[in-house]
1. Yes or no: the stretch 94-111 includes at least one residue that is buried (at least 18 other Cβ atoms within 10 Å of the Cβ), in a loop (DSSP other than H, G, I, E, B) and modelled with pLDDT of 95 or more.
2. Somewhere in the stretch 94-107, is a residue aliphatic (A, V, I, L, M) and under 16 Å from the mean Cα position of the chain (by Cα)?
3. Of the numbered conditions (1) more than 22 Å from GLU40 (Cα to Cα); (2) of a type outside the set (A, V, I, L, M); (3) modelled with pLDDT of 90 or more; (4) not in a loop (DSSP other than H, G, I, E, B), SER132 satisfies every one except a single condition; which is it?
4. So which strands (runs of 3 or more DSSP E) stay within the stretch 1-93 end to end and still have 2 or more residues that are among the polar types (S, T, N, Q) and touching a residue at least 24 places away in the same chain (Cβ under 8 Å)?
5. Hey, GLU44 hits all of (1) of a type in the set (Asp, Glu); (2) loosely packed, with under 15 Cβ neighbours inside 10 Å; (3) modelled with pLDDT of 90 or more; (4) over 14 Å from LEU11 (Cβ atoms) but one; which does it fall short on?
6. For the stretch 112-127, indicate whether the set of residues that are charged (D, E, K, R), modelled with pLDDT under 95, at negative phi and surrounded by 15 or more Cβ atoms within 10 Å (Cβ to Cβ) is non-empty.
7. Kindly provide the set of residues from the stretch 168-178 that are over 19 Å from the mean Cα position of the chain (by Cα) and either surrounded by 11 or more Cβ atoms within 10 Å (Cβ to Cβ) or under 15 Å from ILE23 (Cβ atoms) (or both), ordered by number.
8. Report whether or not SER69 is out of contact with any Asp or Glu (no Cβ under 9 Å at 6 or more places or on another chain) and of a type in the set (Ser, Thr, Tyr).
Amino acid sequence: MKEKRVQKIVLAGGPCCGKSTLIDEIQKRGYSTLGEVAREVLAEGNFGRGKNYELLQTEILKRQMQKESELIEGLHFLDRSAIDGIAYSQVYLGYLPDSFQQVDFTGRYEMVFLPDRLPLQKDGVRVESDDSEAERIHYAIKKAYLEQGYTPIAVPIFPGTFQESISARTNFIMEKLK
């Protein structure tokens, strides 16, 4: 009998590359998803600008790891993973907090998808100030996954209406899973 296990598929990348929209579409198709934990922590407002960024990243890491540990057997799609925090720490702090250095990320995720970037849209929660900062984060995230032994699969932007493009991007991801 084949043993079932937790399989985590990550949608990673910088701000405004469509991760959350893709996660929503994947959820509509009946798959299990885990929303962006960092967004939840930021929305609480306890770690605004000028507050301790290292504590923020440590809290996001703690909650991300907790939520991932609560996943039951089967396939789950994640809007970011704990590895994204490595990139954010390196971009904003210039170093990696001890909390990240204590985690072994080897083999935690089955696959990592990196949607191509779209123009930055400010939403009141994001910490990025402009598109060049968002681009820098996007490439730092890609680098962090590569350094942790993962090979992110680029998800292109497809032509068509917004919904047609989202559907095509989701289909692309599903095809790669086969």
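The values are calculated or read from the model by the stated rules, or taken from the named source; none is laboratory data. It should be emphasised that the depicted structure is a prediction, and the values quoted were computed from it without experimental measurement. Cβ placement follows ideal geometry from the backbone for every residue including glycine, while neighbour counts extend to all protein chains displayed.
1. Yes: one or more hits.
2. The answer is no; no qualifying residue exists.
3. Exception for SER132: condition (3).
4. So the answer is 32-34.
5. Checking GLU44 against (1) of a type in the set (Asp, Glu); (2) loosely packed, with under 15 Cβ neighbours inside 10 Å; (3) modelled with pLDDT of 90 or more; (4) over 14 Å from LEU11 (Cβ atoms), the one that fails is (3).
6. yes
7. The answer is ALA168, and nothing else.
8. Against the criterion (out of contact with any Asp or Glu (no Cβ under 9 Å at 6 or more places or on another chain) and of a type in the set (Ser, Thr, Tyr)), SER69 qualifies.
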